[in-house]
Amino acid sequence: MSIITLDNVTKNFGGLTAVDHVSFEVQEGEIFGLIGPNGSGKTTTFNLINHYFQVSSGKIIFKGQEITDKKTFEIARLGVGRTFQVVKPLKRLTVEDNIVAASFARESSFNGARNVAREMISFCHLEEVAHQKAGGLPIAGRKRLEIARALATRPSLLLLDETAAGLNPSELDEAIDIIKNIRSKLGITIVIVEHIMKVIMSISDRIHAIAHGATIAEGSPAEVAKNPTVIEAYLGSDYNMERFLNA
Ligand code: ADP
Ligand code: MG
């Protein structure tokens, strides 16, 4: 069953078409990759799903219900969670309190919120830094905190925007494990925007590729990795994307 459907979604910023008649359908339980060069409209697509921006035209349907014109907080309450490319924790609060604050999206009691936060701390391997101020966390910890905060809102669909950017190889492997566990242990469907090919190719069930806001390909990682239009758009035609399959 489809959990989210974009139907001919377009976003114009003045004369610039940032998202150009994009349509895709994500199935419940999928890890769906959204790729494209810098400035191709990936983050804008997420901002349209969350209604940070109003679509110029097209429809967005979540679990059978049109959400195109719903407010950001309503969409969150329906079960769409997300992370941000530029991570902004509440710097003076501890890691745990940042997650507690996010938990209040669904929990009304402090104890309930605290319990959810502790569960997500363990899920995202943040135990050792739970009582540190979020502002002092290195990048890998900040990215995991961002995921934990999104999970604490109890989404059924999670939009991950470049959560692996800036990580070293061992941190990357840890991030890949966490993302796989989000689906397998929490049962959450994922749409992931990621530049790091090793991540996107190894965890996506299907990939949707865009360039200049418009769709250029959709298929399995193997299909997309050998699509000449994708390779050309991405990196120039001599780039071998297939080496990242099952990396
Ligand atoms: P990506 O995430 O794929 O790198 P973005 O979605 O951030 O790309 O940006 C797509 C295009 O839309 C870019 O040309 C960007 O400059 C433009 N854009 C994004 N947000 C805005 C905005 N709020 N106002 C005007 N232009 C924007
Ligand atoms: Mg972006």
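The values are calculated or read from the model by the stated rules, or taken from the named source; none is laboratory data. Fair warning: this is a prediction, and the values are worked out from it, not measured in the lab. Ideal geometry is used to build each Cβ from the backbone, glycine not excepted, and the neighbour counts take in all protein chains shown. These accessible areas exclude ligands, DNA and RNA; they are computed on the full protein's heavy atoms, side chains included. Shrake-Rupley method; radii C 1.70, N 1.55, O 1.52, S 1.80 Å.
Results for (1) modelled with pLDDT under 95; (2) closer than 20 Å to His208 by Cα; (3) among the hydrophobic types (A, V, I, L, M, F, W, C); (4) touching a Leu at 6+ places or on another chain (Cβ under 8 Å), shown as yes or no for each residue.
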residue	(1), (2), (3), (4)
Val22	no, yes, yes, yes
Val26	no, yes, yes, yes
Pro37	yes, yes, no, no
Ser56	no, no, no, no
Ile67	no, no, yes, yes
Lys71	no, no, no, no
Thr83	yes, yes, no, yes
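So, Glu107, is that one out of contact with any strand residue (DSSP E or B) (no Cβ under 7 Å at 6 or more places or on another chain) and part of a helix (DSSP H, G or I) or not?
Against the criterion (out of contact with any strand residue (DSSP E or B) (no Cβ under 7 Å at 6 or more places or on another chain) and part of a helix (DSSP H, G or I)), Glu107 does not qualify.
Considering region 156-179 alone, what residues qualify as being open to solvent by 10 Å² or more (accessible area, probe 1.4 Å), under 16 Å from the mean Cα position of the chain (by Cα) and touching a residue at least 40 places away in the same chain (Cβ under 8 Å)?
Within region 156-179, Ser156, Glu162, Ala165 meet the criteria.
Scan region 42-81 for residues that are open to solvent by 40 Å² or more (accessible area, probe 1.4 Å), more than 16 Å from ligand 1 (Cβ to nearest atom) and aromatic (Phe, Trp, Tyr) and jot them down.
Hit for region 42-81 is Phe73, nothing else.
For region 156-172, which residues satisfy the criterion of being under 19 Å from Leu34 (Cα atoms) and of a type outside the set (Gly, Ala, Ser)?
Within region 156-172, Leu157, Leu158, Leu159, Leu160, Asp161, Glu162, Thr163, Leu172 meet the criteria.
May I ask you to list pairs of residues, at least six apart or on different chains, whose Cβ atoms are under 9 Å apart, with the first in region 204-228 being closer than 24 Å to Thr189 by Cβ and the second being hydroxyl-bearing (Ser, Thr, Tyr) and loosely packed, with under 15 Cβ neighbours inside 10 Å?
Sorted first by the residue in region 204-228, then by its partner, the pairs are Ser204/Ser220; Asp205/Ser220; Arg206/Ser220; Ile207/Ser220; Ala209/Thr229; Thr215/Ser23; Ile216/Thr229; Ala217/Thr229.
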